[in-house]
Amino acid sequence: MNTPVRLMIHGASGRMGRALLRLAQEEPRVEVVAAVSRRINQRVVDGVAWFSAAEMRGAPDFDVAVDFSLPEAFDPVLALCRQRGKALVSGTTGLAAAQQASLEGASRDIPVLWASNFSLGVALLHELVERAAAALPGWDCDIVESHHAGKQDAPSGTARTLGEAAGKGGATARYASLRAGDIVGEHLVQFTTGGERIELVHRAGSRDIFARGALHAAAALAGRGPGRYHLRELL
Ligand code: NAD
């Protein structure tokens, strides 16, 4: 059997981080060697060493950092990956344009993959939206996204990339955001003209779909050369 890919989970105490830690235990291709969160309560949990953000540079050697944190936490983890020559998989949304540019710059030195959504269904939805936009010139295009009350950025990163897909098909998307209860994530892309309407909807029932996609991407990215990778080519 191949040696498992060593992961550092960044944002490990969060909703996504906890799903990643749990599902990594069921995935033989990966092994979590470090967990990082803003603050820590315990040094070792279930055999994994935890580090606060301030201590992250002391984390042991890893092959891929998997980052689901917040925009303010992103620059240090990218810098660490670049300094150590290690790969980065990130699903953190709400990044500033300068942070996306840093990611692009880092891809000259290390393998990087950032995706606003790690689910297979949303990857397909992008294609459907682009095709629908191209087939329906002049129709209104509206993207309505709903998430749990704790989500900080709006519109969601997924809504923005769906809007980019609509743009490739020639439509200009408008956005509406709802923040309520514990909704994991819903995206409705609606094309409307006089007398008729098409709705394309994706509903995420569990964060596990994103965590599984990210762990798969991390396993697939390890050992590759520097570059900017896309989820579709690794799925
Ligand atoms: P959360 O608020 O539950 O967790 C955030 C995590 O980041 C925590 O572990 C926290 O300790 C850590 N953190 C905060 N500040 C930090 C700092 N300065 N340094 C280090 N760590 C720090 O958030 P969540 O719901 O788990 O979502 C995390 C991110 O993932 C968000 O940007 C969210 O939009 C995104 N997300 C992406 C996808 C996807 O498929 N791409 C899916 C779900 C969520």
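Just so you know, all these numbers are worked out from the coordinates, no wet-lab data involved. All of these numbers come straight from a predicted model, not from anything done at the bench. Virtual Cβ from ideal backbone geometry, glycine too; neighbours counted across all protein chains shown.
Here are the numbers:
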read-out	value
With 10 Å bins from 0: P(r) over the chain, alpha-carbon pairs, percent	8, 32, 34, 19, 6, 1, 0
Most positive-pole-ward Cα, A98, L120, Q25, against dipole of the chain from beta carbon charges	Q25
Counting DSSP beta bridges with both ends in the chain, the antiparallel % (nearest 5)	35 percent
Gain upon complete extension [R174, R203; 0.36 nm per residue less C-alpha separation]	8.5 nm
FRET E, pair T3, Q42, Förster distance 35 Å, beta-carbon r, rounded to 0.05	0.80
Positive minus negative residues near L95 (Lys, Arg vs Asp, Glu; Cβ under 13 Å)	-4
Relative contact order (percent, whole number), segment 120-204, Cα cutoff 8 Å, 6+ residue spacing	38 percent
Computed helical MRE - 222 nm, the chain, DSSP H runs ≥ 4 contributing -39500 (n - 2.57), nearest 500	-10500 deg cm²/dmol
Spatial separation of Cα centroids for segment 194-220 and segment 123-171, in angstrom	12 Å
Rg [Å, one decimal], Dmax [Å, integer] - segment 153-235, C-alpha atoms	16.0, 53
Karplus 3J(HN,Hα) series, Hz, for segment 32-45 with 6.51 cos²θ - 1.76 cosθ + 1.60 (x for Gly, Pro)	7, 10, 7, 10, 10, 9, 3, 10, 10, 9, 10, 6, 9, 10
For segment 1-124, share of DSSP beta bridges that run antiparallel, in % to the nearest 5	10 percent
Paramagnetic reach from R232 (point 7 Å along Cα→Cβ, amide N under 16 Å) across segment 86-119	114-119
Rounded to the nearest 20 debye, dipole of the chain from Cβ charges on Lys, Arg, Asp, Glu	460 debye
